[in-house]
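The values are calculated or read from the model by the stated rules, or taken from the named source; none is laboratory data. Here the structure is a predicted model, which means the values were calculated and not measured. Glycine also receives a Cβ, built like all others from the backbone with ideal geometry; neighbour counts cover every protein chain displayed. When the accessible area is computed, the model is the full protein with side chains, heavy atoms only, and any ligands, DNA or RNA have been set aside. Shrake-Rupley method; radii C 1.70, N 1.55, O 1.52, S 1.80 Å.
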Amino acid sequence: MLYREAGDFKTSYRADSQTFPIRLDRWAYYAILAVAIFVVPFVIDDYWLNAIFLPLLIYAIAALGLNILTGYCGQVSLGTGGFMAVGAYSCYKLMTSFPDISIAIHIVISGLITAAVGMLFGLPSLRIKGFYLAVATLAAQFFLVWLFNRVPWFYNYSASGQISAPERTLLGVPITGAGTQAWATYLFCLAFVVASAWICRNLTRGSMGRKWMAIRDMDIAAEIIGVNPLRAKLSAFGVSSFFVGISGALFFAVYLGAVEVGAAFGIDKSFLILFMVIIGGLGSILGSFLGAAFMVLMPVLLKNVLVGGLGWPTDLAAHLEYMVTGGLIVFFLIAEPHGLAQLWRVTKEKLRLWPFPH
């Protein structure tokens, strides 16, 4: 009796096909969004911003992008860190070359540049798939990191090789550099997250999303029924890289402020985003958020409990984090391949039938 659809009637196809057709789901969504917009900015501080909220929001966008490619289109990618680096360095060059343009426009253009690069490296997907495509995208990861390390133009010939975000404001409020306020940077990233989730949800429920899923399920059969594999795969790479590039730009400009490509966007970043998608749930918008939340909150929880509470050494807690992450990935691949999103769907189905027997 906790989760019911009784009395929730639909009188049009549009109402029945909306994102949240059940009234309770819509109320929950609006409540979460209201809390995120009207409550969190007034109670947030620098610790919560830098330890939880900014990583959660930025990684959620990256997980959305990778889920488009891997979860919906079935194209395995291990180059997410490299594409995040493309977004970061594009944003840096735009910020330094066009200081009078809004930082929000710079981030969107960085996403578009990353989309073009992603489509270029997605060309091998027309000939190869599976393990071989994963190796090809892994090669893109190493090539992009090498490129940004070895070509001084990308970091404006800095002696240190680092890039630092200049100070930029939006509507008179500092967003990057010194003097930023927690609520401003949080709302700035939240706006990109909400827009990204809305776009991804509509894309995956439309004709383009159905073409991606047809290619994922059986590409030969999809081509027979009229799906163009060239357009489907390259569009998946482009859309995925667009969101990954936005996350990389936000990661550099808003979150870290200064990065070195090897340390910030190495292969470990690609695996981290992939773990988020696997644990959260392949082919699920909600799973991208759940996976990002899990991978961001788990290290914070372990650090506070083991290091702060029990007095464990920091390195031991870090090793335990790797063990827990690896164990959970194996568990989800065996017990629940669709991740946390599927567990949530099963829970809702049980609530709809409770207290009656299943």
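Of everything in the range 290-323 that is assigned to a helix (DSSP H, G or I) and small (Gly, Ala, Ser), the residue that is surrounded by the fewest Cβ atoms within 10 Å (Cβ to Cβ) is 309. Within the range 117-127, is even one residue open to solvent by 30 Å² or more (accessible area, probe 1.4 Å), over 29 Å from residue 164 (Cβ atoms) and not in a helix (DSSP H, G or I)? Within the range 117-127, one or more residues are open to solvent by 30 Å² or more (accessible area, probe 1.4 Å), over 29 Å from residue 164 (Cβ atoms) and not in a helix (DSSP H, G or I).
Output the number of residues of the range 324-345 satisfying the condition of being part of a helix (DSSP H, G or I) and either at pLDDT 85 or above or surrounded by 11 or more Cβ atoms within 10 Å (Cβ to Cβ) (or both). Spell out how you get there, then give the answer.
Looking only at the range 324-345, we keep the residues that are part of a helix (DSSP H, G or I), and these are 324-335, 339-345.
If we keep only those that are either at pLDDT 85 or above or surrounded by 11 or more Cβ atoms within 10 Å (Cβ to Cβ) (or both) as well, we get 324-326, 328-329, 331-333, 339-345.
The total comes to 15.
Considering the conditions (1) modelled with pLDDT of 90 or more; (2) under 23 Å from residue 197 (Cβ atoms); (3) not in a helix (DSSP H, G or I); (4) not basic (Lys, Arg), residue 36 is excluded by exactly one of them, (3). Cβ separations smaller than 9 Å between residues 6+ apart or across chains give the following pairs from the range 152-169 residues that are exposed (fewer than 15 other Cβ atoms within 10 Å of the Cβ) to residues that are of a type in the set (Phe, Trp, Tyr): 156/92; 162/155; 166/92.
Restricting attention to the range 69-96, report how many residues are of a type in the set (Ser, Thr, Tyr), open to solvent by 10 Å² or more (accessible area, probe 1.4 Å) and under 19 Å from residue 261 (Cβ atoms).
Number of matching residues: 3.
Within the range 181-212, being over 19 Å from the mean Cα position of the chain (by Cα) and open to solvent by 60 Å² or more (accessible area, probe 1.4 Å) holds for 181, 183, 207, 208, 210, 211.
Looking for something under 30 Å from residue 219 (Cα atoms), open to solvent by 10 Å² or more (accessible area, probe 1.4 Å), not in a helix (DSSP H, G or I) and not hydroxyl-bearing (Ser, Thr, Tyr) - is there at least one such residue anywhere in the range 43-51?
We begin by selecting, within the range 43-51, every residue under 30 Å from residue 219 (Cα atoms); these are none.
Checking the range 43-51: not a single residue is under 30 Å from residue 219 (Cα atoms), open to solvent by 10 Å² or more (accessible area, probe 1.4 Å), not in a helix (DSSP H, G or I) and not hydroxyl-bearing (Ser, Thr, Tyr).
Might you check whether a residue that is open to solvent by 20 Å² or more (accessible area, probe 1.4 Å), touching a residue at least 12 places away in the same chain (Cβ under 8 Å) and touching a His at 6+ places or on another chain (Cβ under 8 Å) occurs anywhere in the range 276-288? Checked against the condition, which is being open to solvent by 20 Å² or more (accessible area, probe 1.4 Å), touching a residue at least 12 places away in the same chain (Cβ under 8 Å) and touching a His at 6+ places or on another chain (Cβ under 8 Å), the range 276-288 yields at least one hit. Within the range 325-342, residues that are closer than 7 Å to residue 281 by Cα sit with their Cβ atoms under 6 Å from residues that are of a type in the set (Phe, Trp, Tyr) and open to solvent by less than 80 Å² (accessible area, probe 1.4 Å), at 6+ positions apart or across chains, in these pairs: 339/332.
Just one of (1) within 23 Å of residue 290 (Cα to Cα); (2) at pLDDT 95 or above fails for residue 113. It is (1).
Selection of the range 155-180 for residues being over 15 Å from residue 48 (Cα atoms), β-branched (Val, Ile, Thr) and within 24 Å of the chain's Cα centre (by Cα) yields 163, 175, 176.
Go over the candidates 254, 277 one by one and state the one that is hydrophobic (A, V, I, L, M, F, W, C), over 29 Å from residue 335 (Cβ atoms), modelled with pLDDT of 90 or more and in a helix (DSSP H, G or I).
254
Quick check on the range 223-236. Is at least one of its residues without any contact (Cβ under 8 Å) to a residue 40 or more places away in the chain, under 25 Å from residue 284 (Cβ atoms) and either basic (Lys, Arg) or open to solvent by 40 Å² or more (accessible area, probe 1.4 Å) (or both)? Within the range 223-236, one or more residues are without any contact (Cβ under 8 Å) to a residue 40 or more places away in the chain, under 25 Å from residue 284 (Cβ atoms) and either basic (Lys, Arg) or open to solvent by 40 Å² or more (accessible area, probe 1.4 Å) (or both).
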